[in-house]
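The values are calculated or read from the model by the stated rules, or taken from the named source; none is laboratory data. Everything quoted here is computed from the prediction, not taken from an experiment. Here the Cβ is made from the backbone with ideal geometry for all residues, glycine too, and neighbour counts use every protein chain on show.
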Amino acid sequence: MWRLPKEEVDWILAQCNEPICARFRELKRANPSLVPSPEEEKDEYTMLLYECTRESYEDEAKYAKFQAWVRGEYARKGFVEVDYDYFAKREEAIRLNEEAREEVLGHWSDRHHPSHTDLDDEDWKLVRSILERFDQRSAISRFNRRN
């Protein structure tokens with residue numbers, strides 16, 4: 001068993017347990033069961049939206065359980081110990097996230113300001129904000145699927 005660094009414990013506990021995507025939250029409010037109507041089943045986009053929303057809420061529920069476990073361990077012992085494979089799984093999740101991000105977002109890397117475009121600083125701040133949320137949620141989602 002290895003102890004999680006305090007910074008990682010703090011990061012885990014600080015994460016929000018609500019899906020980032022407003023459309024997912026809106027769909028869940030409108031249809032708490034997330035079961036599409038027969039009419040909705042005819043629309044491929046709507047079905048994909050339902051699938052992504054269900055997966056997002058499932059991932060958030062898994063992460064909430066993990067977060068509660070971390071919170072309980074930290075409150076009880078003052079530290080959190082994890083299995084040896086925790087860090088390997090986390091690194092794999094980060095790697096997969098980076099690959100997916102590159103595939104989907106390509107040149108919109110937050111490491112490179114697109115000076116060759118006509119984006120102003122406010123647009124670039126918005127792009128960076130979206131990329132950061134994508135990174136956080138994707139890493140959490142991929143990590144949860146492996147645990």
Return a yes/no flag: does region 95-112 have any residue that is surrounded by 12 or more Cβ atoms within 10 Å (Cβ to Cβ), assigned to a helix (DSSP H, G or I) and hydroxyl-bearing (Ser, Thr, Tyr).
no
Breaking point among (1) under 18 Å from the mean Cα position of the chain (by Cα); (2) without any contact (Cβ under 8 Å) to a residue 12 or more places away in the chain, for residue 62:
(2)
Inside region 1-31, the number of residues satisfying the requirement of being in contact with a strand residue (DSSP E or B) (Cβ under 8 Å, 6 or more places away or on another chain), surrounded by 11 or more Cβ atoms within 10 Å (Cβ to Cβ) and part of a loop (DSSP other than H, G, I, E, B) is 1
Exception for residue 73 within (1) assigned to a helix (DSSP H, G or I); (2) modelled with pLDDT under 75; (3) surrounded by 14 or more Cβ atoms within 10 Å (Cβ to Cβ) falls at (2)
Among the numbered conditions (1) free of Cβ contacts under 8 Å to residues at least 60 places away in the same chain; (2) of a type outside the set (A, V, I, L, M); (3) exposed (fewer than 12 other Cβ atoms within 10 Å of the Cβ), tell me where residue 84 comes up short.
(1)
